[in-house]
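Enquirer: What follows is a single structure, and I will ask about it in a moment.
The values are calculated or read from the model by the stated rules, or taken from the named source; none is laboratory data. These numbers were taken from a predicted model, which means no experiment stands behind them. When we count neighbours, we look across all protein chains shown, and the Cβ atoms used for this are built from the backbone with ideal geometry, even at glycine. All accessible areas refer to the heavy atoms of the entire protein, side chains included, with ligands and DNA or RNA removed. Shrake-Rupley method; radii C 1.70, N 1.55, O 1.52, S 1.80 Å.
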Amino acid sequence: MNAATQTTAAQPNASTTLSGAEVLLRALEEQGVEVVFGYPGGAVLPIYDALFQQDRIRHILVRHEQAAVHAAEGYARSTGRVGVVLVTSGPGATNAVTGLLDALMDSVPLVCLSGQVPVQLIGNDAFQEADTTGITRPATKYNYLVKKPEDLARTVHEAFEIARSGRPGPVLIDLPKNITVGPAPYAPPSTQGRRSYQPRVEPDREAVREAVAAMRRGKRPLFYVGGGVINAGPEACEALGRLVHMTGFPCTSTLMGLGAFPSSDPQFVGMLGMHGTYEANLATHDCDVLIALGSRFDDRVTGRVDAFSPRSFKIHADIDPSQINKIIQVDIPIIGDAGRTIAAMIEEWERAEGPAPDADALKNWWEHIEGWRALDCLRFTQDPAPDAIIKPQKAIQRIYELALETGRDTYVSTEVGQHQMWAAQFFKFEQPNRWLTSGGLGTMGYGLPAAVGAQLAHPDALIIDVAGEASTLMNIQELGTIAQYRLPVKLFIINNQYMGMVRQWQELLHGSRYSESYSSALPDFVKLAESFHAKGFRARTMAELDDTIRAALAHDGAVVVDLCVAEGENCFPMIPSGAAHNEMILGPEQEAQGAVVTNEGKMLV
Amino acid sequence: MKHAAGASSATTSTSPSGRDNDEYRAVISVLVDNESGVLARVVGLFSGRGYNIESLTVAPVEDDGARSRINIVTSGTPAIIEQIRAQLDRLVPVCRVANLTTLGPHIAREMVLVKVVSTGEARTEALRIAEAFRARAVDTTASSFVFELTGASEKLDSFVELMRPLGLAEVSRTGVAALTRGPRSL
Ligand SMILES: Cc1ncc(C[n+]2csc(CCOP(=O)(O)OP(=O)(O)O)c2C)c(N)n1
Ligand SMILES: [Mg+2]
């Protein structure tokens with residue numbers, strides 16, 4: 001056997017015949033893929049057959065394709081890597097759409113491989129045919145239909161590059177069955193990128209210089225950071241910490257940005273926006289220099305646009321140029337990677353040109369902020385009596401505190417609703433990538449599969465899903481996946497017997513007419529857990545709360561905890577839609593300065 | 001102090017009228033990789049985000065057919081037109097986008113075919129007007145003409161209006177092809 005044939009045997013090249021499915025797996029491997037979340041079906045059987053015959057890529061069988069995508073999101077967001085999904089044609093692909101749009105809105109890097117009917121059948125209404133590229137075009141950053149075997153490997157490599165670079169997002173590759181069955185040539189990743197796709201990474205120095213000059217002049221400055229900083233990586237978050245400390249400015253965060261800057265840092269004023277803290281929202285309203293980093297002025301953040309931070313000089317750094325001036329007109333846009341932008345700001349700040357920052361003004365600003373903070377906007381009263389009903393805020397606060405006591409590295413996912421907002425308010429995140437929530441799309445059913453993805457990425461970590469009883473039923477079948485792979489996920493259901501967030505809006509905006517928001521006919525979650533081979537717990541009173549949470553956290557397998565909480569609690573502070581940041585509704589504990597909700601507000605809801 | 005958003009956007013965000021809330025009509029040229037679905041992406045962006053399309057043309061413009069040029073006539077406030085430009089630029093197969101209307105002097109031309117069915121006085125008048133516009137009669141029968149006219153959209157509009165009382169039967173327009181004036185190119 002000569003050297004040439006030896007290499008061929010060890011490492012098949014274009015001259016040995018690989019099937020399209022084998023080429024696909026080889027490309028995935030070369031992209032560093034270790035885990036694929038999927039569900040089989042006719043159009044992807046060749047890929048499943050190739051998966052069967054190898055052991056380098058692990059396949060995780062979910063119980064619904066939507067969950068495959070959310071699991072890949074949980075994997076991606078908790079690792080910073082690209083999550084990979086594999087679904088069959090037709091219903092497999094359409095089931096994945098919600099997850100793809102979720103990933104698009106929250107800038108999560110994914111590659112979704114979907115089966116398709118053979119090229120020659122496309123357009124014939126073949127069995128399980130769907131126009132998948134058509135359906136997913138507005139739900140992905142980019143998508144492909146591979147029609148020729150020679151395009152396959154290049155397409156897969158390019159898809160990964162597009163998913164993870166620039167503003168990350170989901171990319172779908174539709175794979176007709178004849179392409180995966182038939183022979184295809186392999187090609188390594190190309191070194192030169194696509195000419196039409198060159199995201200700008202390096203910020204314009206002049207713009208950074210001007211931004212820093214404006215920051216130095218600021219008397220009431222504020223950092224407003226978003227998920228873009230987390231996407232820029234842990235180093236970017238670390239640099240953010242340095243920048244915030246060296247400037248001494250306060251820092252607020254969006255829902256997606258939680259963890260980019262440590263929540264326990266005294267310079268952190270909490271989350272801003274609809275359910276943000278009093279101090280964060282008033283600081284946003286009153287600041288004179290607003291430094292937006294990797295955030296996009298979402299409507300849940302801005303409230304009434306014409307009243308948003310009305311007197312500030314605005315700096316907006318984002319990797320996506322289309323975010324600039326989309327909602328809020330800004331004074332200095334900076335296009336580039338958040339990490340590079342922050343690093344450049346640090347350099348400029350240290351260069352110390354121009355007037356020294358006004359220390360007295362900053363001190364004064366902090367005094368204002370401390371005044372707002374003193375209101376303690378998240379405070380609530382819990383009756384401590386052993387038989388007292390648990391307030392949902394208390395339940396979530398105790399989950400956080402008792403998880404912290406374990407000393408374990410903890411990742412938290414959520415569903416969507418009041419419990420999500422309370423989790424955002426009461427959990428403290430000291431590091432990025434620990435907080436997994438559906439922000440832009442607000443997808444109920446996100447949390448449990450996201451926890452699956454996070455647990456697979458971090459087998460030894462503590463993975464908690466803070467859930468609502470309504471949301472969790474949207475993907476509860478994933479308890480099956482959790483059982484199959486023995487994932488010790490901790491599902492805490494904040495069971496208020498209502499679609500609480502819907503009920504809250506109905507109370508505030510629709511005359512307490514609770515139309516269809518009661519969670520009737522709920523399952524017995526403890527028995528449900530047991531039927532899925534998990535351990536079930538329930539707490540109904542204050543006396544049971546801590547012990548139940550402790551026991552659940554200590555259990556070494558999957559748990560489902562039914563925390564029966566007060567039904568009528570509302571999540572405060574709240575900026576009603578159509579209101580300005582200084583028109584917040586506060587909780588009963590705090591002095592109520594109720595904003596009148598306008599009809600215009602109702603429409604925006 | 002307002003800066004252009006990125007290196008690629010030499011366009012300003014003021015309308016020709018100079019007022020921020022005035023809608024204006026813009027000609028946007030987009031150079032795209034000539035792949036399947038690219039037109040759907042562009043059109044889907046307009047419908048999905050609620051932008052107008054007044055006209056749209058698309059054809060390959062390179063010898064190897066690797067790239068196509070799409071010319072879109074749209075209207076909106078300066079902020080909306082700038083969003084359209086930025087959103088188009090973000091699409092993966094889009095190589096370049098330019099708002100020709102604010103980029104500087106440019107030429108925008110379209111072609112129209114106009115069928116006029118008439119006899120007698122009206123027919124003679126139609127032919128006279130066609131000559132004045134330098135339109136060509138590309139099909140002639142005893143009772144009809146098809147005229148071909150190329151030029152600025154406004155000129156085509158007035159030609160069609162003048163033909164209306166003279167037996168206008170059918171109109172087919174191409175939408176605009178557009179280029180900047182001078183040595184600079186997209
Ligand atoms: C898929 C989906 N459908 C509907 C909604 C609208 N929605 C937002 S919150 C919510 C209620 C969630 O109830 P629950 O999970 O019990 O959480 P809670 O607010 O009670 O904490 C609903 C229906 C949504 N966000 N996602
Ligand atoms: Mg509920």
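Enquirer: Return the residue satisfying two criteria in turn: it lies in segment B:74-97 and is open to solvent by less than 10 Å² (accessible area, probe 1.4 Å), farther than 28 Å from A:Pro168 by Cβ and outside any helix (DSSP H, G or I), and of such residues it is nearest to the other protein chains (Cβ to nearest Cβ).
Expert: B:Gly76
Enquirer: Looking only at segment B:52-68, which residues are within 13 Å of chain A (Cβ to nearest Cβ) and open to solvent by 20 Å² or more (accessible area, probe 1.4 Å)?
Expert: Across segment B:52-68, the qualifying residues are B:Glu62, B:Ala66, B:Arg67.
Enquirer: Name the single residue, out of those in segment A:48-71 being more than 29 Å from the chain's Cα centre (by Cα) and assigned to a loop (DSSP other than H, G, I, E, B), that is farthest from A:Ala451 (Cα to Cα).
Expert: Only one residue tops the list, namely A:Gln53.
Enquirer: Let me ask something else. Looking at (1) open to solvent by less than 70 Å² (accessible area, probe 1.4 Å); (2) assigned to a helix (DSSP H, G or I), which is the one condition that is false for A:Asp562?
Expert: (2)
Enquirer: Another question, if that's okay. Take the residues of segment A:140-154 that are buried (at least 21 other Cβ atoms within 10 Å of the Cβ) and in a helix (DSSP H, G or I): which is nearest to the other protein chains (Cβ to nearest Cβ)?
Expert: Selected residue: A:Leu152.
Enquirer: Something else: For segment A:415-520, which helices (runs of 4 or more DSSP H) that fit wholly inside it have 1 or more residues that are more than 11 Å from ligand 2 (Cβ to nearest atom)?
Expert: The helices (runs of 4 or more DSSP H) meeting that bar are A:418-426, A:447-457, A:479-484, A:500-509.
Enquirer: Can you find a residue in segment A:391-402 that is farther than 30 Å from A:Thr443 by Cα and either at pLDDT 95 or above or surrounded by fewer than 20 Cβ atoms within 10 Å (Cβ to Cβ) (or both)?
Expert: There is no residue in segment A:391-402 that is farther than 30 Å from A:Thr443 by Cα and either at pLDDT 95 or above or surrounded by fewer than 20 Cβ atoms within 10 Å (Cβ to Cβ) (or both).
Enquirer: Within segment A:443-461, restricting attention to residues that are more than 16 Å from ligand 1 (Cβ to nearest atom) and under 13 Å from the mean Cα position of the chain (by Cα), which residue is farthest from A:Gln267 (Cα to Cα)?
Expert: A:Gly453
Enquirer: Another one. Among the residues of segment A:390-402, what is the count of those that are more than 13 Å from ligand 1 (Cβ to nearest atom) and in contact with a strand residue (DSSP E or B) (Cβ under 7 Å, 6 or more places away or on another chain)?
Expert: 2
Enquirer: Here's a follow-up. Among the residues of segment B:98-134, what is the count of those that are in a loop (DSSP other than H, G, I, E, B) and closer than 21 Å to B:Ser55 by Cα?
Expert: Qualifying residue count for the region: 2.
Enquirer: Another one. Just to check your reading of the model, which residue among A:Glu405, A:Glu347 is surrounded by fewer than 23 Cβ atoms within 10 Å (Cβ to Cβ), more than 16 Å from ligand 1 (Cβ to nearest atom), under 30 Å from A:Asp546 (Cα atoms) and more than 14 Å from chain B (Cβ to nearest Cβ)?
Expert: After applying the criteria, what remains is A:Glu405.
Enquirer: Here's another thing I want to ask about it. If a residue must be in a loop (DSSP other than H, G, I, E, B) and not charged (D, E, K, R), how many such residues does segment A:341-362 contain?
Expert: Qualifying residue count, segment A:341-362: 5.
Enquirer: Please enumerate the residues belonging to segment A:421-442 that are near ligand 1 (Cβ under 9 Å from one of its atoms) and open to solvent by 10 Å² or more (accessible area, probe 1.4 Å).
Expert: Passing the criteria: A:Met421, A:Leu441, A:Gly442.
Enquirer: Of all residues in segment A:103-139, how many are open to solvent by 10 Å² or more (accessible area, probe 1.4 Å), away from every other protein chain (no Cβ under 14 Å) and small (Gly, Ala, Ser)?
Expert: Qualifying residue count, segment A:103-139: 2.
Enquirer: Spot the failing condition for B:Asp22; the list is (1) within 14 Å of another protein chain (Cβ to nearest Cβ); (2) in contact (Cβ under 8 Å) with a residue 40 or more places away in the chain; (3) open to solvent by 10 Å² or more (accessible area, probe 1.4 Å), and only one is missed.
Expert: Failing condition for B:Asp22: (1).
Enquirer: Additional query: Hey, among A:Glu544, A:Glu567, A:Glu589, which residue is at pLDDT 85 or above, open to solvent by 10 Å² or more (accessible area, probe 1.4 Å) and assigned to a loop (DSSP other than H, G, I, E, B)?
Expert: A:Glu567
Enquirer: Give the residue that is farthest from the chain's Cα centre (by Cα), with candidates limited to residues of segment B:107-135 that are open to solvent by 50 Å² or more (accessible area, probe 1.4 Å) and under 30 Å from B:Ser185 (Cβ atoms).
Expert: So, considering only residues that are open to solvent by 50 Å² or more (accessible area, probe 1.4 Å) and under 30 Å from B:Ser185 (Cβ atoms), the one farthest from the chain's Cα centre (by Cα) is B:Arg134.
Enquirer: While we're looking at this one, here's another question. Go through segment A:178-208 and report how many residues are away from every other protein chain (no Cβ under 14 Å), open to solvent by 70 Å² or more (accessible area, probe 1.4 Å) and at pLDDT 95 or above.
Expert: 3
Enquirer: Looking at segment A:293-321, which of its residues are farther than 20 Å from A:Leu240 by Cα and of a type in the set (A, V, I, L, M)?
Expert: A:Val301, A:Val305, A:Ala307
Enquirer: If you take the residues of segment A:293-311 that are within 22 Å of B:Asp20 (Cβ to Cβ) and more than 14 Å from chain B (Cβ to nearest Cβ), which of them is surrounded by the most Cβ atoms within 10 Å (Cβ to Cβ)?
Expert: A:Ser309
Enquirer: Across segment A:166-177, which residue is most open to solvent (accessible area, probe 1.4 Å) among those that are within 11 Å of chain B (Cβ to nearest Cβ) and under 12 Å from A:Lys141 (Cβ atoms)?
Expert: Looking at residues that are within 11 Å of chain B (Cβ to nearest Cβ) and under 12 Å from A:Lys141 (Cβ atoms), I get A:Arg167.
Enquirer: A further question on this structure: Tally up the residues in segment A:316-340 that are in a helix (DSSP H, G or I), within 13 Å of chain B (Cβ to nearest Cβ) and touching a residue at least 40 places away in the same chain (Cβ under 8 Å), please.
Expert: 1
Enquirer: Hey, does segment B:100-123 have a residue that's of a type in the set (Ser, Thr, Tyr), free of Cβ contacts under 8 Å to residues at least 12 places away in the same chain and either in contact with a strand residue (DSSP E or B) (Cβ under 9 Å, 6 or more places away or on another chain) or within 14 Å of chain A (Cβ to nearest Cβ) (or both)?
Expert: No: segment B:100-123 contains no residue that is of a type in the set (Ser, Thr, Tyr), free of Cβ contacts under 8 Å to residues at least 12 places away in the same chain and either in contact with a strand residue (DSSP E or B) (Cβ under 9 Å, 6 or more places away or on another chain) or within 14 Å of chain A (Cβ to nearest Cβ) (or both).
Enquirer: Let me ask you something else. Can you find a residue that is open to solvent by less than 20 Å² (accessible area, probe 1.4 Å), touching a residue at least 60 places away in the same chain (Cβ under 8 Å) and within 14 Å of chain B (Cβ to nearest Cβ) anywhere in segment A:66-81?
Expert: Looking through segment A:66-81, none of the residues is open to solvent by less than 20 Å² (accessible area, probe 1.4 Å), touching a residue at least 60 places away in the same chain (Cβ under 8 Å) and within 14 Å of chain B (Cβ to nearest Cβ).
Enquirer: While we're on this one: Select from segment A:467-510 the residues that are open to solvent by less than 10 Å² (accessible area, probe 1.4 Å) and hydroxyl-bearing (Ser, Thr, Tyr) and write down the one among them that is farthest from ligand 1 (Cβ to nearest atom).
Expert: A:Thr481
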